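What follows is a short report on a single structure.
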Amino acid sequence: MRQAERDRSRERDREHDRPVQRRTNANRLIASLNYAFHGILYAAKSQPNMRIHLFAALFVLVATLFLHLQRVYVVIVVLLVGLVLALELMNTAVEAIVDLMTLSHHPLAKVAKDAAAGAVLTVSITAVVVGYLVFYEAIQHGGSAVYDQLRSVSLSVVFVSMLLTIGATILLKAYVGRGTPLQGGAVSGHAAIAFVAACFIFVLSSSPLVGTLGFVLALLVAQSRVEGGIHTVLEVLYGTALGAVIALAIFLMLRIGHVLQ
């Protein structure tokens with residue numbers, strides 16, 4: 001009799017512990033996800049290269065929507081983007097561990113950091129080569145039709161895009177709290193406008209040479225902001241990314257509009 005009561009008591013204790021154990025496992029999973037997101041945010045905030053990779057990933061993924069890549073090509077692009085970002089996170093982790101373990105400059109610490117950075121560079125170059133081959137194939141098969149559609153852009157669209165770029169630059173400067181609307185600050189407005197203009201020149205001109213010269217001029221504008229001491233390289237990169245994103249967003253909306261018509 002007592003043994004049966006003990007068994008029932010143990011069974012009740014087990015049933016009582018099961019929900020607690022499930023909640024504990026769920027809490028651990030949520031905590032693990034939080035730690036992972038904190039690591040990504042830390043790398044994005046502290047590592048300029050991580051921000052560059054994120055902007056490049058956004059640009060590439062939006063480009064896949066424009067060109068309607070085959071599924072296998074989209075899978076390749078997504079895998080390469082994820083691999084580059086993951087290796088950049090690993091590089092950040094290696095640098096943090098090396099800084100933690102070494103109190104003074106050590107040749108082996110430099111080797112560890114250089115090797116980790118070299119791994120990121122190797123995968124990045126590989127991604128660029130593969131991306132070139134993938135997008136070249138897509139442009140050969142369907143990109144000319146997309147290009148012809150985008151060439152129908154009106155002057156009003158160009159004007160509105162410029163105004164959007166100026167407005168976005170001023171808002172970002174006001175949000176960060178540095179610089180004036182027309183000079184200095186966290187984002188280079190000149191670089192943003194220059195690259196929006198270069199994108200439209202590339203699309204609207206019938207000559208690849210003219211389009212390439214447009215991007216060369218945009219690069220010279222960006223370089224002049226750095227050499228003049230008005231912006232840092234990172235601030236110019238932010239402006240370049242802002243201009244490219246706005247131009248891509250406009251082109252994407254035009255592309256969707258043509259598809260829906």
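The values are calculated or read from the model by the stated rules, or taken from the named source; none is laboratory data. Keep in mind it's a predicted model, so treat the numbers as computed, not measured. As a convention, Cβ positions derive from the backbone with ideal geometry for all residues, glycine included, and neighbour counts pool all protein chains shown.
Data overview
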{"item": "Subset of region 68-84 (residues that are buried (at least 19 other Cβ atoms within 10 Å of the Cβ), out of contact with any Ser or Thr (no Cβ under 8 Å at 6 or more places or on another chain) and assigned to a helix (DSSP H, G or I))", "result": "VAL81"}
{"item": "Matching entry among LYS45, LYS110 (being out of contact with any Leu (no Cβ under 9 Å at 6 or more places or on another chain), basic (Lys, Arg) and under 25 Å from ILE125 (Cβ atoms))", "result": "LYS110"}
{"item": "Criterion: modelled with pLDDT under 70 and assigned by TED's automatic domain parsing to the domain that holds THR126 - qualifying residue of LEU61, LEU65", "result": "LEU65"}
{"item": "Residue count for region 239-261, restricted to those that are of a type outside the set (A, V, I, L, M) and at pLDDT 65 or above", "result": "4"}
{"item": "Only one of LEU242, LEU220 that is over 15 Å from MET162 (Cα atoms) and among the hydrophobic types (A, V, I, L, M, F, W, C)", "result": "LEU220"}
{"item": "Unique match (being surrounded by 12 or more Cβ atoms within 10 Å (Cβ to Cβ) and either touching an Asp or Glu at 6+ places or on another chain (Cβ under 8 Å) or within 30 Å of THR64 (Cα to Cα) (or both)) among GLU95, GLU88", "result": "GLU88"}
{"item": "Tally, over region 222-239, of residues that are touching a His at 6+ places or on another chain (Cβ under 9 Å) and surrounded by fewer than 20 Cβ atoms within 10 Å (Cβ to Cβ)", "result": "2"}
{"item": "Residue within region 141-156 that is on the phi < 0 side of the Ramachandran plot and at pLDDT 70 or above present", "result": "yes"}
{"item": "Selection count, region 98-120, where residues are of a type in the set (Ser, Thr, Tyr) and surrounded by 12 or more Cβ atoms within 10 Å (Cβ to Cβ)", "result": "1"}
